[in-house]
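**Q** I am attaching a structure below and will ask some questions about it afterwards.
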Amino acid sequence: MKHRFELVYSMDTTLGCAVAAYLDAEHYAFLHSKYSPQYEVLHRQGRTIRIRQRWTQGHVRIGQTCTTEYAPPARFLNYDIAGVPVWLPSVHHLITTRTELFYYPDATGERTISHLVVDLELPAIFSPLLPKLEQRMTALKQEKDLEDMEMIFRRERLFGRGNIRGYLADYQFMLHKDDFVRHFGTPEAERRAGELALAAAPPTARREHVRELGV
Ligand SMILES: [Fe+2]
């Protein structure tokens, strides 16, 4: 059976900062050490990257591989998720997960809407597990986004709101940097990126009266 759920909230930051935080893969191991102490790129083809994240549970090193795709300026897909090691019983043997994350500006243009669409496919017999699964995925996503907002606010205090110049600098590594620079490299490009993000937003997109992350 197929099951879709959506998770929508607003984040108190600009589109450029939200996208930069997503593409800044170097922060994963530090900021999200609980979930992703090890983050490796296995291979890359254009905007599609196969990644492996690993962590230790008890004495066993486990993790997952996942294909992640960037659709600039502000859409992110994750699919083909598999447990590591593959022989270890894992929820991914039973459930196929595909997520699509859309970022787009809210009605004021000052904040960013995070709009996650999750598509699950699982044998009907496991449908009673769905509410719990949905709850877990929602909690995890919010927890990670709150960690990201902490980083975003810290940068905001140092460099000012919406300042992404540090990310644009040559020495700063980020995934899909060329795309990021093209879409967010100038204020004009960033404004246009907001329009493109809105055009790519899902039909269920909302820009007003959206609850705030963590509230
Ligand atoms: Fe993050």
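The values are calculated or read from the model by the stated rules, or taken from the named source; none is laboratory data. From a predicted model like this one, the values you see are computed outputs, not experimental measurements. Here Cβ is always computed from backbone atoms with ideal geometry, including for glycine, and neighbour counts include all displayed protein chains.
**Q** Have a look at LEU77, LEU88 and point out the one that is under 30 Å from ASP179 (Cβ atoms), among the aliphatic types (A, V, I, L, M) and out of contact with any helix residue (DSSP H, G or I) (no Cβ under 9 Å at 6 or more places or on another chain). So that I can check it myself, show each step before the final result.
**A** Values: LEU88 fails: under 30 Å from ASP179 (Cβ atoms).
None of the other options fit; the residue is LEU77.
**Q** Filter segment 120-151 down to residues that are more than 16 Å from the ligand (Cβ to nearest atom) and acidic (Asp, Glu) and give me whichever is nearest to PHE5 (Cα to Cα).
**A** GLU134
**Q** Which of the residues spanning segment 63-92 are touching a Lys or Arg at 6+ places or on another chain (Cβ under 9 Å) and of a type in the set (Val, Ile, Thr)?
**A** THR65, THR67, THR68, ILE81, VAL84
**Q** Residue by residue through segment 28-64, note down the ones that are aliphatic (A, V, I, L, M) and farther than 20 Å from GLU143 by Cα. Before the answer, list the steps.
**A** Within segment 28-64, the subset aliphatic (A, V, I, L, M) is 29, 31, 41-42, 49, 51, 60, 62.
The answer is VAL41, LEU42, ILE49, ILE51, VAL60, ILE62.
**Q** Could you check TYR28 against (1) over 18 Å from the mean Cα position of the chain (by Cα); (2) at negative phi; (3) at pLDDT below 95 and say which number it fails?
**A** In the conditions (1) over 18 Å from the mean Cα position of the chain (by Cα); (2) at negative phi; (3) at pLDDT below 95, TYR28 misses (1) alone.
**Q** Quickly run through segment 1-26 and pick out the residues that are surrounded by fewer than 17 Cβ atoms within 10 Å (Cβ to Cβ) and within 12 Å of the ligand (Cβ to nearest atom).
**A** GLU26
**Q** Please list, ordered by residue number, the helices (runs of 4 or more DSSP H) wholly in segment 101-215 having 3 or more residues that are in contact with a strand residue (DSSP E or B) (Cβ under 7 Å, 6 or more places away or on another chain) and buried (at least 18 other Cβ atoms within 10 Å of the Cβ).
**A** 130-159
**Q** Continuing with the same structure: For segment 33-50, which residues satisfy the criterion of being within 15 Å of the ligand (Cβ to nearest atom) and buried (at least 18 other Cβ atoms within 10 Å of the Cβ)?
**A** SER36
**Q** Could you please find all residues in segment 51-79 being exposed (fewer than 14 other Cβ atoms within 10 Å of the Cβ) and of a type outside the set (A, V, I, L, M)?
**A** Scanning segment 51-79 gives THR56, GLN57, GLY58, HIS59, ARG61.
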